[in-house]
Amino acid sequence: MSRRALLVIDVQNDYIDGPFRITYPAVNDSLPKIAAAMDAATAHGIPVVVVQHSSTMDSPIFRPGSHGWENHPTVASRPAQLQIEKKLASALAGTGLDDWLREREIDTLTLVGYMTHNCIDSTARDAAHRGYQVEVLSDATGSLPYAHERGQADGQTLHQTTLTVLHTAFALVLPQAEWQAALEGAPLPARSNVFSANQAALALQLA
């Protein structure tokens, strides 16, 4: 039997109603999924860890003490066994979370929150490298668009591409309802791998 913890990463107001708004999936869609995951975890005795990102005091986003830095009420109103602050993308980097998890013999981390292509991605890869099994709930995460001198990508592209890569090598990616069903006894789906994913893509090109 897996011993899970649910990591609720950076569900903070700057992503919801501030200058750094998640665009895909829309927060009106992802927030209820995050809430459902937290409620399911609590109902099944799975520890909930709330992670909050802190920037510097001169940052335009996630400035400690600001409204944008605060956890959204969806998260703040629900019970958690641990709340931590982080300064790097991975929730396991420099936070002491790894020690807390190992003390409780947690071997599987389920990730929800923001952003799919940054802190979710970084935490998933870091966790996989540390030996954890990782699950990412695809509809309880979200991304926003980027553009700079090297290129641009909309939120949907970043979200879907990141999840595609994670599912091949670093995490099992699945929707919140399917994860919750697994907690209630349904089988989990299989994860892909880099070779089979590549061969399937090549086959689609030839079709």
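General observations
- Residues PHE20, PHE195, arranged from fewest to most other Cβ atoms within 10 angstrom of their Cβ, appear as PHE195, PHE20.
- Positive contributions from Lys and Arg (+1) and negative ones from Asp and Glu (-1), summed over other residues with Cβ under 14 Å from the Cβ of PHE20, come out at -2.
- Full extension of the chain between ASP99 and ARG21 gives 24.9 nm of extra length, using 0.36 nm per residue less the Cα-Cα distance.
- R0 of 45 Å, Cβ-Cβ distance SER59-ALA181: FRET efficiency to nearest 0.05: 0.70
- Annotation: extensible slack from ALA43 through LEU88 equals 13.2 nm (criterion: 0.36 nm per residue apart, minus Cα-Cα distance).
- For region 105-180 and region 15-35, distance of Cα centres in Å: 15
- Unit charges at the beta carbon, dipole of the chain: most positive-side option, ALA197, SER55, PRO187: ALA197
- The simple Förster model, with R0 at 30 Å and r as the Cβ-Cβ distance, assigns ARG3 and ALA190 a FRET efficiency of 0.90.
- Couplings 3J(HN,Hα) of region 98-111, computed from phi: 4, 4, 4, 5, 5, 4, 9, 6, 6, 10, 9, 10, 9, 10 Hz, in residue order, whole Hz [Karplus 6.51 cos²θ - 1.76 cosθ + 1.60, θ = phi - 60°; x for Gly and Pro].
- Report note on the peptides 177-190, 88-101: ranked by the mean count of other C-beta atoms within 10 Å, highest first, their order is 88-101, 177-190.
- FRET efficiency for the pair ALA169 and HIS67, taken as 1/(1 + (r/R0)^6) with r the Cβ-Cβ distance and R0 = 41 Å, rounds to 0.65.
- With eigenvalues of the C-alpha gyration tensor scaled by 5 and rooted, the chain, Å: 25, 23, 16
- Hydrodynamic radius by Kirkwood, which averages 1/r over all alpha carbon pairs of region 107-207, in angstrom: 14.5
- Taking other residues whose beta carbon is less than 11 angstrom from the beta carbon of HIS67, and scoring Lys, Arg as +1 and Asp, Glu as -1, yields -2.
- Dipole magnitude for region 4-206: about 220 debye, using +1 per Lys or Arg Cβ and -1 per Asp or Glu Cβ, origin at the Cα centre.
- Computed 3J(HN,Hα) for region 36-43, one whole-Hz value per residue from the Karplus formula 6.51 cos²θ - 1.76 cosθ + 1.60 where θ = phi - 60°, is 5, 5, 5, 5, 5, 4, 4, 5, glycine and proline marked x.
Just so you know, all these numbers are worked out from the coordinates, no wet-lab data involved. Remember, predicted model here, so these are calculated numbers, not experimental data. Note that each Cβ is placed from the backbone with ideal geometry, even for glycine, and that neighbours are counted across all protein chains shown.
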